[in-house]
Amino acid sequence: MSENSVERIQCIIIGSGPAGYTAAIYASRANLKPILYTGKEPGGQLTITNDVENYPGYPDGIMGPQMMEDFKNQALRFGTDIRYELIDKVDFTGPVHKIWSETGHEIHADAVIIATGASAKWLGLESEQRLMNHGVSACAVCDGFFFRGQEVAIVGAGDTAAEEATYLAKMCKKVHLLVRRDEMRASKIMQERVFNTANLEVHWNTETEEILGEDSVNGVRIANNVTGEKTVLPVTGFFVAIGHKPNTDIFEGWLDMDANKYLRAVPGRTFTNVEGVFVSGDAQDHIYRQAVTAAGSGCMAALDAERYLSDKGII
């Protein structure tokens, strides 16, 4: 197939990870002959996650990359055409949706399932990247279990940071919440929960300078950005809760988004404001952000796409 030729298909899935691969499994079994474009990070955020112990069906836990390999192989088994490229342009003006890959290949699809996910925001420290999955995490709900009875730190000031800090406090000996300013952005009720948690200490006007440790986290050096005073906290876990960025830039101007660029779906469904375009996973979910909820919404999107194509008489 030449680079600039047009390919006509029934269903395209943009993005991989639990949502994309689950959508592919359902769409393939429905004989929609889907093509899935993985994007820059095949498998999504789980490819940078070590132990996954909260996904049903894996009683002994599983490594994130292996789980995504299992998902991918199941999609392949049913005939999904998986392409390791990025989609970088769309045109949703007509009933047939136009999509372009980074190589310039043009696809016309009757149904589009978006599963582009969201990426955690990081502080940008070398030690943060080096110790990722070795004590550094962006998901307390996912990884807090591994730090039971230990001392941990979490950086952030919004509702997510407050919620994750109080979650960690239920299982950890002590939690240090590192806040850059002299106030939090979190709602009053969430702040009250933080202040009323005995083993949760808030460090105001605090910057993280370095996460300490060679093979695993054994401390974090912080600095007060008013006094300049530096302190080392003896933590074994470091959580980053400064937000996520949904990978939805290419859909701006085409699909309805909220103020943070998460795609809007019809409540309880996966429909977007464009007929024949469906959204699943973390690209539309800023609340749960779990592998199991992403997979569930991928299933929903594929079922919605199948019904849409059937109602239109395309299949």
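Unpaired Cys in the chain, meaning no second Cys C-beta under 4.7 Å: CYS11, CYS172, CYS299. Taking every DSSP bridge with both residues inside the chain, close to 45 percent are antiparallel. In loop segments of the stretch 136-241 as defined by DSSP, the GluC sites (Glu not before Pro) with at most 11 further C-beta atoms inside 10 Å of their C-beta are GLU183, GLU214, GLU229. Rounded to the nearest Hz, the phi-derived 3J(HN,Hα) couplings of the stretch 296-303 under the Karplus curve 6.51 cos²θ - 1.76 cosθ + 1.60 (θ = phi - 60°) are x, 6, x, 4, 4, 4, 5, 5, where x marks glycine and proline. Note on LYS174: lysines with a C-alpha under 28 Å away, same-chain residues under 8 apart excluded, are LYS121, LYS188, LYS230. With coordinates expressed along the principal axes, the C-alpha atoms belonging to the stretch 122-240 extend over 38, 34, 22 Å, beginning with the largest.
How would the stretch 185-315 be classified by its alpha-carbon gyration tensor: rounded, prolate or oblate, with rounded meaning a/c under 1.5 and the a/b versus b/c comparison settling the rest? Because a/c hits 1.5 or more and a/b exceeds b/c, the stretch 185-315 counts as prolate. In the chain, helical runs assigned H by DSSP with n ≥ 4 each contribute -39500 (n - 2.57); averaged across all residues and rounded to the nearest 500, the mean residue ellipticity at 222 nm is -7500 deg cm²/dmol.
Backbone amide hydrogens, once placed in the peptide plane, bring MET257 within less than 5 Å of ARG264, excluding anything fewer than 5 places away on its chain.
Between the amide H of GLY219 and those of LEU212, VAL235, distances stay under 5 Å, these residues lying 5 or more places away or on another chain, with hydrogens modeled in the peptide plane. DSSP assigns beta bridges within the stretch 122-240; of those with both partners inside it, close to 40 percent run antiparallel. Taking Cα centre as origin and charging only the Cβ of basic (Lys, Arg, +1) and acidic (Asp, Glu, -1) residues, the dipole magnitude of the chain rounds to 540 debye. Over the chain, the hull volume per residue, using the convex hull of the C-alpha atoms, is 144 Å³. The ranking of GLU7, GLU128 from fewest to most other beta carbons within 10 Å of each one's beta carbon is GLU7, GLU128. Summing Lys, Arg as +1 and Asp, Glu as -1, what charge do residues with Cβ under 11 Å from the Cβ of VAL175 carry, VAL175 excluded? Residues near VAL175 contribute 0 overall. Near LYS89, which aspartates and glutamates are there with a Cα under 19 Å away, not counting those fewer than 8 places off in the same chain? The qualifying aspartates and glutamates are GLU3, GLU7, GLU41, GLU102, GLU106, ASP110, ASP249, GLU252, ASP256, GLU275.
Computed from the coordinates by the stated procedures, all read-outs in this text should not be read as laboratory data. From a predicted model like this one, the values you see are computed outputs, not experimental measurements. Ideal geometry is used to build each Cβ from the backbone, glycine not excepted, and the neighbour counts take in all protein chains shown.
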